[in-house]
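Below: one structure, written as structure tokens.
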There are 2 protein chains.
Amino acid sequence: MKTPRAIEQFIEAFSKLPSIGPRQATRLAFYLINLGKAEIKHLSSALGSLQNVDVCKQCFFISESKSNSKGLCDICSDLGRKPGTIMIVEKETDLLSVEKTSKFNGRYMIIGDLNRNGSVDASQRLRISALKKQIQDDLSGSASEIIIGLNPTTIGDLTASIIKQELSSHSKKITRLGRGLPTGGEIEFADEETLGSALDRRN
Amino acid sequence: MKTPRAIEQFIEAFSKLPSIGPRQATRLAFYLINLGKAEIKHLSSALGSLQNVDVCKQCFFISESKSNSKGLCDICSDLGRKPGTIMIVEKETDLLSVEKTSKFNGRYMIIGDLNRNGSVDASQRLRISALKKQIQDDLSGSASEIIIGLNPTTIGDLTASIIKQELSSHSKKITRLGRGLPTGGEIEFADEETLGSALDRRN
């Protein structure tokens with residue numbers, strides 16, 4: 001019994017995606033075939049449309065293709081935002097979460113998935129270098145504030161300390177997001193680190 | 001900040017797939033965009049190619065489109081297999097697992113995902129009716145053996161008993177897959193049911 005070539009190719013291509021292994025790709029293939037040809041066509045074209053999305057040259061967030069001649073995203077090309085305040089985040093979804101607060105009016109730089117050993121890899125170094133150059137060119141050598149918006153985890157802390165060192169001479173101020181009790185959280189169940197931070201930063 | 005339309009459409013379409021929720025669809029969208037346009041095109045076409053796969057009219061397994069004028073899959077159209085021995089399985093992946101044993105030389109009927117309450121739904125009833133008709137037309141009213149290859153779970157047992165009742169007059173023999181200790185398993189950790197079955201069926 002040989003599996004049709006279309007299924008084999010689908011499984012091979014999709015099992016490489018994060019959190020979709022060969023097993024889930026196989027199940028997905030059969031699920032899709034049972035959905036019918038119209039639905040497969042719809043999904044295939046929805047996927048293909050992602051080709052129309054570009055990555056912003058400045059902050060590495062997404063931007064609609066050709067929406068901007070300079071290749072900048074909506075945020076980077078928004079004149080109402082402070083260009084001198086830059087938040088470094090790990091990934092696009094982190095940026096979206098910060099945007100939802102409507103409390104940040106600067107711009108961003110996406111550094112990319114953090115490494116498990118807390119080091120900064122070659123592609124992240126390139127992004128940091130590009131940021132330094134932007135600060136040099138557009139902000140006459142010094143940003144007014146760089147906020148390191150990385151997760152408050154061991155890996156986040158390690159990476160943050162490297163970034164801080166790298167950028168210390170390029171910003172008047174380098175900060176991190178505040179730590180403390182999450183809204184709705186209970187003191188009884190807070191871990192020592194969190195409760196300690198909440199005590200240190202009481203206000 | 002508005003999300004590009006292509007991303008919104010992707011998330012909407014893909015979050016409906018099993019085990020991909022809105023959260024994973026969002027992450028997947030950003031992951032794909034960062035892979036680059038060539039890779040997106042490749043995945044989109046691999047997905048689109050699934051349109052070339054049909055579902056077998058007889059057993060509901062997959063078949064390469066137009067590979068067979070009767071709309072039958074490789075297994076159903078294989079003259080070397082016994083048409084009178086029919087294994088009823090839940091899903092395509094179960095069929096593939098049985099095929100890997102190379103120990104079964106009959107044909108199959110895929111009944112579709114079992115219902116949580118152990119009942120047989122309308123679409124499953126249709127498949128059972130179609131099977132009865134096939135047995136009537138092609139096997140002069142009686143199969144030589146129907147093997148109910150459903151999971152040995154409560155739901156599988158309930159469904160099996162309904163199927164058995166439905167098909168009792170259409171087959172000389174109705175069997176289920178044997179129960180006992182799995183190869184490589186340890187008696188110490190076997191549950192009572194499994195160990196009981198192993199005792200009952202000792203050989």
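The values are calculated or read from the model by the stated rules, or taken from the named source; none is laboratory data. If you're wondering where the values come from, they're calculated on a predicted model, not measured in any experiment. Ideal geometry is used to build each Cβ from the backbone, glycine not excepted, and the neighbour counts take in all protein chains shown. Just the protein is used for accessible areas: all its heavy atoms, side chains included, with ligands, DNA and RNA removed. Shrake-Rupley method; radii C 1.70, N 1.55, O 1.52, S 1.80 Å.
Worth a mention:
- Unit Cα scatterers, Debye sum, the protein assembly as shown: log10 I(q)/I(0) for q = 0.06, 0.10, 0.13 Å⁻¹: -0.41, -0.85, -1.09
- Residue B:129 - accessible surface, heavy atoms, 1.4 Å probe, Å² rounded to 10: 60
- Segment A:1-70-segment A:136-187 distance, computed between alpha-carbon centres (Å): 34
- Reachable aspartates and glutamates, given that their alpha-carbon falls under 14 Å from the alpha-carbon of residue B:16 and they are not under 8 places away in the same chain: A:39, B:8
- Only DSSP H runs of four or more residues enter the estimate; each adds -39500 (n - 2.57), and after division by the residues of chain A the mean residue ellipticity at 222 nm equals -13000 deg cm²/dmol.
- Label point 7 Å beyond Cα along the C-beta direction, distances from residue B:19 to other copies (nm, shortest first): 1.2
- Taking chain B and dividing mean pair separation by its residue count, relative contact order in percent (alpha carbons under 8 Å, at least six apart): 13
- Segment B:1-108 shape via C-alpha gyration tensor axes, a/c threshold 1.5: prolate
- Copy-to-copy label separations for residue B:35, where each label sits 7 Å from Cα toward Cβ, in nm and ascending: 1.5
- Reciprocal mean inverse distance between Cα atoms of segment B:24-87 - Kirkwood radius, Å: 14.5
- Label-point distances for residue A:169 to the equivalent site in the other copies, using a point 7 angstrom along Cα→C-beta, read 9.2 nm when ranked shortest first.
- Segment B:59-113: C-alpha gyration tensor shape, a/c 1.5 cut-off, then a/b vs b/c: oblate
- Segment B:1-58: relative contact order as a whole-number percent, Cα under 8 Å and 6+ apart: 19
- With the convex hull drawn over the C-alpha atoms of segment B:144-203, the volume per residue is 100 Å³.
- Dipole size of chain B about its Cα centre, with +1 on Lys/Arg Cβ and -1 on Asp/Glu Cβ: approximately 580 debye, rounded to the nearest 20.
- Sparse packing (at most 15 other Cβ atoms within 10 Å of the Cβ) combined with a DSSP loop state is found for the following trypsin sites (Lys or Arg not before Pro) in segment B:111-195: B:116, B:172, B:173, B:179.
- Members of B:57/B:132; B:41/B:91; A:103/A:133; A:82/A:172; A:37/B:82; A:132/A:172 lying beyond 24 Å, as alpha-carbon distances in this model show: B:41/B:91; A:103/A:133; A:37/B:82
- Each eigenvalue of the Cα gyration tensor of segment A:52-157, multiplied by 5 and square-rooted, gives one semi-axis; in descending order these are 21, 16, 15 Å.
- Evaluated with a Cβ-only charge set (Lys, Arg +1; Asp, Glu -1), segment B:132-187 carries a dipole of roughly 140 debye about its Cα centre, given to the nearest 20.
- 10 Å-binned pair-distance histogram of segment B:95-166 (Cα, whole percent): 17, 48, 33, 2
- Chain B: projected area of the alpha-carbon convex hull, averaged over directions, in nm²: 16.8
- Charge tally for residue B:168 (other residues, Cβ to Cβ under 15 Å; Lys, Arg +1; Asp, Glu -1): +3.
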